[in-house]
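Novice: I'd like to ask some things about the structure below.
The values are calculated or read from the model by the stated rules, or taken from the named source; none is laboratory data. None of these values were measured; they are calculated from a predicted model. Here the Cβ positions follow ideal geometry from the backbone for every residue, glycine too, while neighbour counts run over all protein chains shown.
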Amino acid sequence: MPGEVNYHDYLQLEKILNAQFPESDKQQLPAHDEMLFIVIHQAYELWFKQLHHEVDSVVKILAKPSLNDNSPELQTVVHRLNRCVTILRVLVHQIDIMETMTPMDFLDFRDMLRPASGFQSWQFKELEAKLGLKFEYRHGKEYYTSQLRSEHVAIIKKAENDKTLLQLLNSWLERTPFFDEKENWGSFTSHSKREDIHPFWSEYRYQYENSLAEVEKNNLQFFDDIFLPDGQQPVTGNQSLSPSASRAALFIMLYRGYPMLELPFQLLNSLLEIDEQLSSWRYRHMNMVHRMIGTRIGTGGSSGKDYLKAAADKHYIFREIAQLNSFLIERRKLPALPAPVEKRLGFVAG
């Protein structure tokens with residue numbers, strides 16, 4: 001029989017509560033707020049560890065060759081992604097605590113920290129890579145690992161080379177079956193006479209074109225570039241979702257009221273929430289840095305606020321899902337789906 005579990009021992013509190021060593025104490029120049037600074041950043045790193053735990057489990061599920069869209073596994077994916085969103089909200093709100101420290105409080109110990117910097121958080125960079133942020137899309141990619149230890153650089157590079165959540169999402173969307181079964185679309189009619197594309201997308205393109213204001217007409221070419229090329233490979237190097245994956249994601253967003261598409265829509269929406277919370281965290285961090293140090297450089301040598309703003313503007317991981325909102329039309333104009341397709345989606349009995 002194992003021994004009794006003790007709260008203190010189980011949580012390793014001896015290690016955790018004795019892991020704060022302010023530089024100001026070492027230099028005998030006590031700075032009261034340095035303890036707050038250390039505890040908040042340690043809490044950040046613990047939450048990053050939990051985010052890795054959740055994302056790794058989601059990646060493992062999505063990597064399976066097949067996944068029932070009404071299965072407990074997909075429910076688990078959505079549940080854990082929503083947990084990630086909630087954790088990220090906590091990370092944003094931790095800045096409220098940090099901002100109880102005034103600029104003068106920070107200056108009491110700031111120069112003692114050089115060259116340590118949040119820029120050296122390898123766990124955060126690894127998380128971005130696991131989610132799908134590509135190296136070529138990083139701001140300051142030429143030096144984003146320059147201040148890291150070699151073992152941490154290796155961890156990030158491995159995450160960049162492994163299948164990311166965004167890549168697995170693309171593969172999952174490509175397996176959406178509704179358009180491959182041509183017999184289900186035999187009764188579907190389209191106002192458009194285009195025969196080079198699926199009849200549903202021919203009709204949807206027609207309805208979308210007629211919904212555009214005159215100043216939006218250029219969006220039609222954008223629509224064609226994203227959704228209509230053949231095959232599954234992205235059209236350009238800037239796209240992470242293939243045409244078939246983009247079509248599937250838009251279809252899910254349009255018809256999310258059908259039971260079969262409720263969970264897939266929640267999955268897509270949770271990824272948008274993750275991007276939104278990451279963006280909120282970056283902007284709150286940027287504004288806090290500006291409040292604390294103005295235009296001075298960061299302790300790690302970065303340009304401070306300017307670097308953080310550029311990264312916040314550029315590091316949107318699931319931007320291609322967000323941009324699908326540009327191609328929505330009113331519900332009353334949605335093409336009516338054939339009975340066999342409605343049956344597959346769960347609204348017709350029999």
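Novice: So, in segment 57-74, how many residues would count as being closer than 16 Å to Asn170 by Cβ, without any contact (Cβ under 8 Å) to a residue 40 or more places away in the chain and either surrounded by 15 or more Cβ atoms within 10 Å (Cβ to Cβ) or touching a helix residue (DSSP H, G or I) at 6+ places or on another chain (Cβ under 6 Å) (or both)?
Specialist: 1
Novice: Name the single residue, out of those in segment 75-94 being in contact (Cβ under 8 Å) with a residue 60 or more places away in the chain and surrounded by fewer than 16 Cβ atoms within 10 Å (Cβ to Cβ), that is farthest from Gly346 (Cα to Cα).
Specialist: Arg89
Novice: Can we say Thr299 is at pLDDT below 90 and surrounded by fewer than 19 Cβ atoms within 10 Å (Cβ to Cβ)?
Specialist: Answer is no for this residue.
Novice: Return the residues of segment 204-219 that are assigned to a helix (DSSP H, G or I) and either touching a strand residue (DSSP E or B) at 6+ places or on another chain (Cβ under 8 Å) or over 28 Å from Leu345 (Cα atoms) (or both); say none if nothing qualifies.
Specialist: Scanning segment 204-219 gives Glu214, Val215, Glu216, Asn219.
Novice: Another question, if that's okay. Return only the number of the condition from (1) touching a Lys or Arg at 6+ places or on another chain (Cβ under 9 Å); (2) free of Cβ contacts under 8 Å to residues at least 60 places away in the same chain that Arg149 does not satisfy.
Specialist: Result: Arg149 fails condition (1) only.
Novice: Which of the residues spanning segment 123-135 are free of Cβ contacts under 8 Å to residues at least 60 places away in the same chain and either surrounded by fewer than 20 Cβ atoms within 10 Å (Cβ to Cβ) or more than 17 Å from the chain's Cα centre (by Cα) (or both)?
Specialist: Answer for segment 123-135, where residues must be free of Cβ contacts under 8 Å to residues at least 60 places away in the same chain and either surrounded by fewer than 20 Cβ atoms within 10 Å (Cβ to Cβ) or more than 17 Å from the chain's Cα centre (by Cα) (or both): just Phe135.
Novice: Further, regarding this structure: Residues that are more than 21 Å from Gln50 (Cβ to Cβ): which helices (runs of 4 or more DSSP H) entirely in segment 91-203 hold 1 or more of them?
Specialist: Answer list for segment 91-203: 103-107, 150-161, 165-174.
Novice: Still on this structure, please answer the following. Can you spot a residue in segment 180-190 that is closer than 19 Å to Ser66 by Cα and surrounded by fewer than 17 Cβ atoms within 10 Å (Cβ to Cβ)?
Specialist: Scanning segment 180-190 turns up at least one residue that is closer than 19 Å to Ser66 by Cα and surrounded by fewer than 17 Cβ atoms within 10 Å (Cβ to Cβ).
Novice: Show me the helices (runs of 4 or more DSSP H) found entirely inside segment 1-87 where at least 3 residues are within 34 Å of the chain's Cα centre (by Cα) and modelled with pLDDT of 95 or more.
Specialist: Answer list for segment 1-87: 13-16, 34-62.
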